[in-house]
1. Can you find a residue that is at pLDDT 95 or above and in contact with a helix residue (DSSP H, G or I) (Cβ under 7 Å, 6 or more places away or on another chain) anywhere in the stretch 49-68?
2. Consider only pairs whose beta carbons are under 8 Å apart and that are at least six residues apart or on different chains; among these, list those whose first residue lies in the stretch 179-207 and is at positive phi and whose second residue is modelled with pLDDT under 95 and surrounded by 14 or more Cβ atoms within 10 Å (Cβ to Cβ).
3. So is residue 173 surrounded by fewer than 17 Cβ atoms within 10 Å (Cβ to Cβ) and over 21 Å from the mean Cα position of the chain (by Cα) or not?
4. Name every residue in the stretch 102-116 that is surrounded by 14 or more Cβ atoms within 10 Å (Cβ to Cβ) and assigned to a loop (DSSP other than H, G, I, E, B), in order of residue number.
5. Restricting attention to the stretch 117-134, and to residues there that are touching a strand residue (DSSP E or B) at 6+ places or on another chain (Cβ under 9 Å) and not in a strand (DSSP E or B), which single residue is farthest from residue 163 (Cα to Cα)?
6. Take the residues in the stretch 73-101 that are buried (at least 17 other Cβ atoms within 10 Å of the Cβ) and farther than 16 Å from residue 164 by Cα; name whichever of them is farthest from the chain's Cα centre (by Cα).
7. Just the residues that are within 24 Å of the chain's Cα centre (by Cα) and not in a helix (DSSP H, G or I), please, taken from the stretch 24-66.
């Protein structure tokens, strides 16, 4: 058999492999598209019904550790859909709206800048007034949009859910394999949104103790200098523990001799 014959065989083999891989990829893509269709239809019906019923359940919203919106009501449920050659997205947005504006007095320009950035980054309307050289008053509108954004990642073969500003300034990313997207999961997600008893965190692997969650939130809301000081103390403590561990290991080694 000549060299040309061998090369021709290799070309045919490579072509067959690429065609097979393309078929598998198309199959995976079709599965993702079908799951996204289920998600889109579910949330469209959910939004339609909730916009008619407008449930009365209200919740507080933690803007910062010190600033809390009281008794926000969920309203204006909206579903948006986008698709291109690389990804498909389904957005479920909820306005959380209160009746009373919140006034925040800040005497530090640094703190005022941080608070202003927080409001802008989360698209929360506000006005501000300089009362003196060292005193700023913010008047904040009690309205925050919560987002449940689903993304079909065709390259990774996954459906990603990003939850933003639901009941507090917080972002959570969850990855689902296509087979995990079921009516049961969507029902539990809807119950989670409506504040009903649910298994959402259990089903998405997002279970976290209330104590750990509180500690994380408090750490994120601390002043950077304070957090940095605590970090240095923790590092010093960790170093002491490490040194003790090394000493203990040496003692064990001596005992074995």
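1. No.
2. Between residues of the stretch 179-207 that are at positive phi and residues that are modelled with pLDDT under 95 and surrounded by 14 or more Cβ atoms within 10 Å (Cβ to Cβ), the close pairs are 195/59.
3. No; evaluated as a whole, the condition is false for this residue.
4. Answer for the stretch 102-116, where residues must be surrounded by 14 or more Cβ atoms within 10 Å (Cβ to Cβ) and assigned to a loop (DSSP other than H, G, I, E, B): there is none.
5. 125
6. Here the residue is 98.
7. 57, 58, 59, 60, 61, 62, 63, 64, 65, 66
The values are calculated or read from the model by the stated rules, or taken from the named source; none is laboratory data. Note that the structure is a prediction, hence the values are computed from the model and not measured. Please note: Cβ atoms are built from the backbone with ideal geometry, for glycine as well, and neighbour counts cover all protein chains shown.
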